[in-house]
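Reviewing the structure listed below.
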Amino acid sequence: MRIGIDLGGTKIEGIALDDSGRELARRRVPTPRGDYGGTVDAVAALVATIESLTGQQGTVGVGMPGVLSRVSGLVKNANSTCLIGRPLQDDLETALARPVRLANDANCFALSEAVDGAGRGERVVFGVILGTGVGGGIVVDGQVLEGRNGIAGEWGHNPLPLPGGDDLPLRPCYCGRAGCIETYLCGPALERDGGAADEAALARYEARLARALAGVINVLDPDVIVLGGGVSKVDRLYSNVPQLWGAHVFSDRVATRLAKHAHGDSSGVRGAAWLWGGPPAIP
Ligand SMILES: [Zn+2]
């Protein structure tokens, strides 16, 4: 049994999957906000509840906002600030008395979609979250690519390519830079520009997304790009953006697919479970 935990800013969700990906149990509890020790205890209690419900012991994978520094082993880049600088992996392993695998929530999204979602059967999957923020994760042959700095796939704070017209002046970003992709492509940016019901705002959004994803295609050349997060509900993106990105990709034709997520809000928690390996034989 694989247990996945999605450690969010307001809730902690847990799921148990059997070897074929069937859901055996699911529970959620509120996050003890600003309370690091309470958060570790809440994860341990949630795992205990799930194991009691299923009558089995499982492996535990945890998706979290932020990443573990490969230098210090401590959490960095987390928006749940009580986690920053904490040895979350060590503390969870102590509380749960077993090894625990942790990954960035965008990486969990990408893994979930690669294993048994919209990227199933593909070798190279780029998962994108277009939500409150913009994140990304890379899965190759069913494995998360973490990268030397733990930031592989984090394209949201790259500059928007070819800014001009309505993109200017460059928008300031909380990270300290200006013109970051996130400031144009996050859900709140689309809302400020007019929202998903505004034709002109959507056209601007699609042009920006196409330029930003073309940069990813030129570097990674994925088989499929899977979109998640609130903006991924806009269906016209999947037909319009691939018509626009070709102008910016260094190839005569672009075979990369743009796909909507298959698991929706469950992708984070399912991907966390698959950190210990996906189904043994994908039919
Ligand atoms: Zn930024």
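For segment 184-195, a residue qualifies if it is within 12 Å of the ligand (Cβ to nearest atom) and in a loop (DSSP other than H, G, I, E, B), and exactly one does: Cys186. Within segment 155-180, the set of residues being within 15 Å of Ala214 (Cα to Cα) and either within 11 Å of the ligand (Cβ to nearest atom) or in contact with a Gly (Cβ under 9 Å, 6 or more places away or on another chain) (or both) comprises Trp155, Gly156, Asn158, Pro159, Leu160, Pro161, Pro163. Taking the options Val29, Val71, name whichever one is more than 25 Å from Gly277 (Cβ to Cβ) and assigned to a strand (DSSP E or B). Answer to the selection: Val29.
Matching residues to (1) assigned to a helix (DSSP H, G or I); (2) buried (at least 19 other Cβ atoms within 10 Å of the Cβ); (3) away from the ligand (no atom under 16 Å from the Cβ):
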position	(1), (2), (3)
Glu182	yes, yes, no
Ala197	no, no, yes
Ala203	yes, no, yes
Val216	yes, yes, yes
Ile225	no, yes, yes
Ser232	yes, yes, yes
Asp235	no, no, yes
Ser239	yes, no, yes
Leu244	yes, no, yes
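Kindly list, by first and then second residue, each pair from a residue in segment 155-183 that is of a type in the set (Gly, Ala, Ser) to a residue that is part of a helix (DSSP H, G or I) and within 11 Å of the ligand (Cβ to nearest atom), limited to pairs with Cβ atoms under 8 Å and residues at least 6 apart or on different chains. Short answer, once both residue conditions are applied: Gly156/Ile181; Gly156/Glu182.
Where a number appears in this text, it was derived from the coordinates with a stated rule and is not lab data. All values reported here derive from a predicted model rather than from experimental measurement. Using ideal geometry, Cβ is built from the backbone for each residue, glycine included, and neighbour counts are taken over all protein chains shown.
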